[in-house]
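These notes concern the structure reproduced below.
The values are calculated or read from the model by the stated rules, or taken from the named source; none is laboratory data. Here the structure is a predicted model, which is why all the values come from computation and not from measurement. FYI the Cβ positions are ideal-geometry reconstructions off the backbone, even for glycines, and counts take in every protein chain you see. What goes into the accessible areas is simple: the full protein's heavy atoms, side chains included, and nothing from ligands, DNA or RNA. Shrake-Rupley method; radii C 1.70, N 1.55, O 1.52, S 1.80 Å.
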2 protein chains.
Amino acid sequence: MSSDVFSRGGFTLPGEAGYEDLTLALAQRWGADAIRDSDGTVLSDEIVSAGLDIYSTICLVRIDNQWAKAHTDKLQQNYLMSFPVVADGNAVDIDLLNGYFREQFEVNANDDPKAWWQVFDRTSGREISADQWDLDPARGIVTVRNTERWHLYTVNFLAYRIWEAISMYNHITNNWGDREHLMPIDPIYPATQELILRYLERWLRDHPRTRIVRFTSMFYNFAWFWGDSPGLRYIYSDWGAYDNTVSPYALRKFAKAKGYALASEDFVNGGAYCSSHNVPARRYLDWMDFVNEFVVAFGRRCIDLVHAAGKEAYMFYDDHWVGTEPYGSRYKDLAFDGLIKCVFNGFEARLCAGVEGVETKELRLHPYLFPTGLKGEPTFKEGGNPALDCKRFWVNVRRGLLREPVDRIGLGGYLHLVQDFPDFVDYVEELGKEFRTLREIRKGDKPYAAPFTVAVLTAWGKLRSWICNGHMIHGLELNELIESLAGLPVEVEFISFDDILETGIGDDVGVIVNCGRAPSAWSGGRHWKNERVLESMTEWVAQGGGLIGVGEPSACERNGRYFQLSHVLGVDREIGRSLSKDKFRHREADARHFIMEDVEGEVDFGEDVDGVFVLGGDTQVLLERDGSPRMCTHRFGKGRAVYLSGYRFSPQNTRLLHRALYWAAGRESAFGYWTCSNIYTECAYYPTSNRVVVINNSDKEEQTKVFDSRKNGIDVSVGPFGVAIIDL
Amino acid sequence: MSSDVFSRGGFTLPGEAGYEDLTLALAQRWGADAIRDSDGTVLSDEIVSAGLDIYSTICLVRIDNQWAKAHTDKLQQNYLMSFPVVADGNAVDIDLLNGYFREQFEVNANDDPKAWWQVFDRTSGREISADQWDLDPARGIVTVRNTERWHLYTVNFLAYRIWEAISMYNHITNNWGDREHLMPIDPIYPATQELILRYLERWLRDHPRTRIVRFTSMFYNFAWFWGDSPGLRYIYSDWGAYDNTVSPYALRKFAKAKGYALASEDFVNGGAYCSSHNVPARRYLDWMDFVNEFVVAFGRRCIDLVHAAGKEAYMFYDDHWVGTEPYGSRYKDLAFDGLIKCVFNGFEARLCAGVEGVETKELRLHPYLFPTGLKGEPTFKEGGNPALDCKRFWVNVRRGLLREPVDRIGLGGYLHLVQDFPDFVDYVEELGKEFRTLREIRKGDKPYAAPFTVAVLTAWGKLRSWICNGHMIHGLELNELIESLAGLPVEVEFISFDDILETGIGDDVGVIVNCGRAPSAWSGGRHWKNERVLESMTEWVAQGGGLIGVGEPSACERNGRYFQLSHVLGVDREIGRSLSKDKFRHREADARHFIMEDVEGEVDFGEDVDGVFVLGGDTQVLLERDGSPRMCTHRFGKGRAVYLSGYRFSPQNTRLLHRALYWAAGRESAFGYWTCSNIYTECAYYPTSNRVVVINNSDKEEQTKVFDSRKNGIDVSVGPFGVAIIDL
């Protein structure tokens, strides 16, 4: 296993000018076959000439700051809602940017505010007619007249972004001092498109040694509105939201294309904006579609230039990815050659690995070579332990890669920072070899999986496969759950309520998972008011399907119940709407059940849901706390349902979920093949090569039995965070 | 203090035939001046002739079971919703009483079901037209035709109650075996009224020695629907609900009186019925008003007979009290002479003491002389400690009586049960003397109170003064809070949203308390969507008022916020609707504040609310948990707001609330007069007699300082559960 294929390749190193020796030495040691630059670093001639593939980063929306400064009407915009102001008289002044980071935003007074803005009385909910307010553009203040005393007023207004968010983050995080603030230009305008295309052509000519053009990424960054108070640095952050794609120009095009116009409130939504966590409105989905169509069309023109220059185009699936929608139907039309995803977790590895229509998939591992991490914690500085961080991230990512492979890994940031952390340098070498080994085994070989597919039902469906909202949100049930699913030997798909209505539930689906809190996009919110959805789900379970409900599945208050599928789940939840109704007193929790067989000690679902009650004696309670069931099973018709009051990613819960899936599917007898006795270990069986890969997710040496296709146990010992490969 | 006035009077003893010696001995010992019978007991001649006042119990709706049996169409009725049934074909049979206790209910097939019932598809929410279903009266089954497969169906139907609930409870609890089941007749019919009036006249003649007719009570019991499964013995219990007042006859009268008709769904409400915990609909309030008018009018005819017979009429404010509404404007028209309330707690003492339009108020103390308590716990049997129970109840009740007095106390149940509990007998003697002493001091003397009134704002307002829903609901924030308020030296009133809109907020009000969970009647629910309410409350605080919000004050999701008064409170709550919005990072909790001065150790608010966040740096956080503020203060205009994440009745929280009231009112300097240093003790200062009563609420001897009108501390020692009286 020590041939060149395992010690070199599939690894992208961040080069750094001024550290040429280090760059080349580590390229050799880590087996890098490609070198990249990063935001804030450059590659010197010496590095570029070292015979490795060169990735060069390009961010098309911040290519020419001089032009941007000269054409501020072509900067990207977004709607903001001013902070509410109480009227204590018959007029009120609203300082639009009060509370916002004024280095990020500038009020757009160019496009007629009366045409594009809205002022609301947020006490009555009424819009204020345009003749009752005026903007003082010099002061950025809107005055509302004839106010109702003691009401709250807000303005939905357009702001230009005068500092591109990712660049701003890097600038501030890395103390770039008085380096120029880069502004994001909007490619929606013909003039901007022309600028971008000409720039790109020139850039491609100027980068003869670049083989891979790494787009960071396309045009629109996820929503990230900053505040001016240290107490509220970030006001709104949503990795999937389309706030930054808005402009009067685009809104006019939308109205023409879709036949109706959107208003500012479609985006602002009372100040909640259009968060990915919330169920998207049909109008917002139309907007996303409109933007996606544009981004794919114009993006393709850029990528065609790259291809014409004999280079490949890779997309960084993190920053300005909005509008590309890798899980959308148009993504393949972009014709990207590669996709790079920045990952901490297994679900993110799956998010990258699962994209169709792109050849090469690459993971940017963490920690980044920055002094501090995303939350300000030390990494490559005093107090940090980047080697341990790296191991902890990797064991989770690795689980996902056993199921679905990627082609490459890599790092990002400032290479020189690793010099003080020799154990990190050692571990990355080991990790690189491990990655290549596992990639080789997975190549062309599909691991053993359950004889049924698991469908995760959300309001977003396939479009938001394997994500909730960017990186892991600890405590968000679905995020925790997909992290377990990412490494389980089951096929997983993500379906929407529209899918159920339009195409039905696939024959291969054995279990549907609905997981989240009401009325989130993850649980489904208003979709559970759709009687056709309720019919379909009821019928499907009655005829033999399996349902796993987590947290507040099918929750929305209607028709006297909270869980709309309570008749299927056998449980409902008291949320203070029916306090005078007594609840069925279930029998004492009985943990002796197929699902519970590998549980040792307490089951920890994190901050789970309370006030749950069973509907009758045919619901079996497996776990409870203070009288509130935490895990239940219920048979409905020919099908089965399992309820969990919450979910947290952990070895024990991953196993419990694995078993629950088999029980819900009515396939208990099929369980136990190619599983491990020790829950801190997992395995993947590759039938073509007849090999089993056993991974140890813990920081200790673990003994485990791998149960084979006859459920015979094979004893294995695996080192901390380690891997064992058994040829059968 | 040992004169006769303290050893005799104001005490009602439950007599028991067969135990004449015991009855008379205890009457002497406990200083009883009256003897009563109970449900299930009778008084013998010997007892009746002992020279004590005689209370005789009468329940007018179960006076003549023979007549009831012969006129089952005159039994009381209520709407029930059948349990939901899933249609798995194109028709579904619904067994109406399935799940209900068939000894309590009988389907009413006399009044045309098509006219009075409704069948609902509870998946779509649609009513099924009457030609699509039929009742088989013999089997009590409704068949619904042309059902939509996999939908849930329910029937709202009328049922006669064939076993009166209180009698049923006593029968079953006390194992009355094959004693006849008493049926409740409905006084809405002229024939029933005639029966009742004639019976009452005869009964009054037949009870010449009875001085007090104790009505138990008027006509309609609170809602109490029983189930047939041991797992769901009580399906629906609501002490304030009007479900039992329904009949086609009354519904027709209502339609004529109010000009519009109610439907079954107005009562059934998707199976949630019209719980007191929920915000009442205008239509339901109209129904309550209609019933109240009838009950007062016919009730008065009964009471007039009592008065004509030279007797007094007392009402038992617990069982069949629905429709009397002691806090309603018509109550005085009933002309009751006395009101008897069964109490465990201080707020119940206040509930009785605060009623206007009745001369004598009496508390029925707990424990009842029954072998087991309301929750089945042992009292007067092996394992019970009724003396200790009695002390624990009394110390809470006593707090309330220091503020507002009642005239009498008493016991209920089977007297012979006390024979095995001599310490109980001793303690009741002591308690009686203590009661008489405190009553004497309070007589004509108003204790010192805060220089401002506290108004508790709920959807019910004055009508539900001092109650949430019957006895203490532990964990219900408002119930816990009014228990603290019951004994605090502050004037308290209960106001509704309508009061605010119609008459404004009284000049004497210094603090408004809004306490409860969304969207309960206690917090206010939909009323917080009323902009006039928001205006008034905002203005009132801005101009110097104090607001205390507990749990989810002013909560309803609208206009981008959850607490509609978040601008006043300085806090809001994240309930999963705006997860992508970051929250202001408040400064570390700083418990050094006027409100916190007497806090020692942890503050325990029970199951309080999480996910709270401050709106900005001007909100001061006094307590937090896991980053979620639990107590905050915020100044708004000239006024102040205090937020508490929950509330539990305890000595520490009572003190904390007392201080919070003064802080919110901006009257800190007025705090500290006639208070105790030791939070387990409380005091009441009576200015006319210049005396202080100091009570010890704990089971240990306590040392305390009583601060006088110059804030000088007077040292006092008070025994366990004891009282000390200081003449100044």
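To keep it simple, each residue is scored yes or no on (1) open to solvent by 10 Å² or more (accessible area, probe 1.4 Å); (2) touching a Lys or Arg at 6+ places or on another chain (Cβ under 6 Å); (3) among the aliphatic types (A, V, I, L, M).
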{"residue": "B:Gly271", "(1), (2), (3)": "no, no, no"}
{"residue": "B:Cys274", "(1), (2), (3)": "yes, no, no"}
{"residue": "B:Asn278", "(1), (2), (3)": "yes, no, no"}
{"residue": "B:Ala281", "(1), (2), (3)": "yes, no, yes"}
{"residue": "B:Asp289", "(1), (2), (3)": "yes, no, no"}
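Taking region A:364-380, which residues are without any contact (Cβ under 8 Å) to a residue 40 or more places away in the chain, surrounded by fewer than 22 Cβ atoms within 10 Å (Cβ to Cβ) and within 18 Å of A:Gln419 (Cα to Cα)?
Hits for region A:364-380 are A:Gly373, A:Pro378.
Just a yes or no: is a residue in region A:602-613 over 32 Å from the mean Cα position of the chain (by Cα) and in a loop (DSSP other than H, G, I, E, B)?
The answer is no, given that none of the residues of region A:602-613 is over 32 Å from the mean Cα position of the chain (by Cα) and in a loop (DSSP other than H, G, I, E, B).
Looking at A:Leu60, A:Leu43, which is the one that is in contact with a helix residue (DSSP H, G or I) (Cβ under 6 Å, 6 or more places away or on another chain) and either of a type in the set (A, V, I, L, M, F, W, C) or open to solvent by less than 30 Å² (accessible area, probe 1.4 Å) (or both)?
Working: A:Leu43 fails: in contact with a helix residue (DSSP H, G or I) (Cβ under 6 Å, 6 or more places away or on another chain).
After applying the criteria, what remains is A:Leu60.
Which of (1) under 17 Å from B:Ala450 (Cα atoms); (2) free of Cβ contacts under 8 Å to residues at least 60 places away in the same chain; (3) of a type outside the set (D, E, K, R); (4) open to solvent by less than 30 Å² (accessible area, probe 1.4 Å) is the odd one out, the single condition B:Ser669 does not satisfy?
In the conditions (1) under 17 Å from B:Ala450 (Cα atoms); (2) free of Cβ contacts under 8 Å to residues at least 60 places away in the same chain; (3) of a type outside the set (D, E, K, R); (4) open to solvent by less than 30 Å² (accessible area, probe 1.4 Å), B:Ser669 misses (4) alone.
Please enumerate the residues belonging to region B:558-567 that are free of Cβ contacts under 8 Å to residues at least 60 places away in the same chain, in contact with a strand residue (DSSP E or B) (Cβ under 7 Å, 6 or more places away or on another chain), at the interface with another protein chain (Cβ under 10 Å from one of its Cβ atoms) and not small (Gly, Ala, Ser).
Answer for region B:558-567, where residues must be free of Cβ contacts under 8 Å to residues at least 60 places away in the same chain, in contact with a strand residue (DSSP E or B) (Cβ under 7 Å, 6 or more places away or on another chain), at the interface with another protein chain (Cβ under 10 Å from one of its Cβ atoms) and not small (Gly, Ala, Ser): B:Arg561, B:Gln564.
Give the number of residues within region B:325-342 that are of a type in the set (A, V, I, L, M, F, W, C) and closer than 15 Å to B:Ser465 by Cα.
0
Residues in region B:381-423 that are open to solvent by less than 10 Å² (accessible area, probe 1.4 Å) and outside any helix (DSSP H, G or I): how many?
Final tally of qualifying residues: 6.
Does A:Asp238 satisfy the condition of being facing chain B (nearest Cβ under 8 Å) and open to solvent by less than 10 Å² (accessible area, probe 1.4 Å)? Steps first, answer last, please.
Values: facing chain B (nearest Cβ under 8 Å): yes; open to solvent by less than 10 Å² (accessible area, probe 1.4 Å): yes.
Yes.
If you go through region A:505-517, how many residues are more than 14 Å from chain B (Cβ to nearest Cβ) and among the small types (Gly, Ala, Ser)?
Final tally of qualifying residues: 2.
Please work out which residue is nearest to the other protein chains (Cβ to nearest Cβ), limiting yourself to region A:614-634 and to residues that are touching a residue at least 24 places away in the same chain (Cβ under 8 Å) and open to solvent by 40 Å² or more (accessible area, probe 1.4 Å).
A:Leu615
Which one is surrounded by the most Cβ atoms within 10 Å (Cβ to Cβ) among residues in region B:438-478 that are among the aromatic types (Phe, Trp, Tyr) and touching a strand residue (DSSP E or B) at 6+ places or on another chain (Cβ under 6 Å)?
Only one residue tops the list, namely B:Phe452.
Please find, within region B:424-434, the residue that is nearest to B:Ile726 (Cα to Cα) out of those that are touching a residue at least 12 places away in the same chain (Cβ under 8 Å) and open to solvent by 10 Å² or more (accessible area, probe 1.4 Å).
B:Glu434
Per-residue answers, yes or no, for (1) touching an Asp or Glu at 6+ places or on another chain (Cβ under 7 Å); (2) open to solvent by less than 20 Å² (accessible area, probe 1.4 Å); (3) within 16 Å of B:Ala665 (Cα to Cα); (4) not in a loop (DSSP other than H, G, I, E, B):
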residue	(1), (2), (3), (4)
B:Ile500	no, yes, no, yes
B:His527	no, no, no, yes
B:Thr538	no, yes, yes, yes
B:Asp572	no, yes, no, yes
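Name the residue that is farthest from A:Glu491 (Cα to Cα), counting only residues in region A:524-539 that are touching a strand residue (DSSP E or B) at 6+ places or on another chain (Cβ under 9 Å) and more than 9 Å from chain B (Cβ to nearest Cβ).
A:Arg526
So A:Val42 passes all but one of these: (1) touching a strand residue (DSSP E or B) at 6+ places or on another chain (Cβ under 9 Å); (2) touching a residue at least 24 places away in the same chain (Cβ under 8 Å). Which condition number does it fail?
(1)
Can you tell me which residues in region A:84-128 are open to solvent by less than 40 Å² (accessible area, probe 1.4 Å), outside any strand (DSSP E or B), within 13 Å of another protein chain (Cβ to nearest Cβ) and on the phi < 0 side of the Ramachandran plot?
Across region A:84-128, the qualifying residues are A:Ala87, A:Gly89, A:Phe101, A:Arg122, A:Thr123, A:Ser124.
Out of the residues in region A:140-163 that are under 29 Å from A:Trp224 (Cβ atoms) and open to solvent by 20 Å² or more (accessible area, probe 1.4 Å), state the one that is farthest from the chain's Cα centre (by Cα).
Residue satisfying both the conditions and the ranking: A:Ile141.
Restricting the search to region A:63-83, which residues are open to solvent by 20 Å² or more (accessible area, probe 1.4 Å) and either in a loop (DSSP other than H, G, I, E, B) or modelled with pLDDT under 95 (or both)?
Residues satisfying the conditions are A:Ile63, A:Asp64, A:His71, A:Phe83.
Using the structure shown, decide if A:Gly506 is more than 23 Å from the chain's Cα centre (by Cα), in contact (Cβ under 8 Å) with a residue 12 or more places away in the chain and either more than 30 Å from A:Ser689 (Cβ to Cβ) or surrounded by fewer than 22 Cβ atoms within 10 Å (Cβ to Cβ) (or both).
Answer is yes for this residue.
Looking at (1) facing chain B (nearest Cβ under 10 Å); (2) touching an Asp or Glu at 6+ places or on another chain (Cβ under 9 Å), find the lone condition where A:Arg587 falls short.
Unmet condition: (2).
Name the residues in region B:540-557 that are out of contact with any Gly (no Cβ under 7 Å at 6 or more places or on another chain) and at the interface with another protein chain (Cβ under 10 Å from one of its Cβ atoms), would you?
Result: B:Trp540, B:Glu557.
Yes or no: region A:659-679 includes at least one residue that is assigned to a strand (DSSP E or B), touching a helix residue (DSSP H, G or I) at 6+ places or on another chain (Cβ under 8 Å) and either assigned by TED's automatic domain parsing to the domain that holds A:Glu477 or on the phi < 0 side of the Ramachandran plot (or both).
Checked against the condition, which is being assigned to a strand (DSSP E or B), touching a helix residue (DSSP H, G or I) at 6+ places or on another chain (Cβ under 8 Å) and either assigned by TED's automatic domain parsing to the domain that holds A:Glu477 or on the phi < 0 side of the Ramachandran plot (or both), region A:659-679 yields at least one hit.
Of all residues in region A:655-694, how many are among the acidic types (Asp, Glu), more than 31 Å from the chain's Cα centre (by Cα) and over 21 Å from A:Val509 (Cα atoms)?
Matching residues across region A:655-694 total 0.
Quick check on region A:203-220. Is at least one of its residues farther than 30 Å from A:Ala50 by Cα and either among the β-branched types (Val, Ile, Thr) or not in a strand (DSSP E or B) (or both)?
yes
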